[in-house]
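Okay, so here's the structure we're looking at.
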């Protein structure tokens, strides 16, 4: 039985997700709601682990802008493509500004399905 309250929005393109203290790409965000994201990665992510993450977001200024957030992994399994893993992450402690940015991202890069 699906526990999800909000409809997932699949994305037009995938955004890179990085750990906040590293320039290395952890994976790619493939869908989003205001409560969580699904990340596709080359390696499985530990279930129950809390991550401090960042994603570069569209900015209308010359400097790079990142959305930084804390998320806990709720599940992880091999993707349809066996070379990748899908992980569901629940967003924690989202500020009102970040919530607004997430809503904007859903509108801008989510499929209208």
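Every read-out reported here was derived from the displayed coordinates using simple, explicitly stated rules and does not represent laboratory data. Owing to the predicted nature of the structure, the values given are computational and were not obtained by experimental measurement.
Points to keep in mind about this one:
- Hydrodynamic radius (Kirkwood) for segment 9-109, which is based on Cα pairs only, to one decimal in Å: 13.7 Å
- A full extension of the chain between residue 22 and residue 47 corresponds to an added length of 7.0 nm, given 0.36 nm per residue minus the alpha carbon distance.
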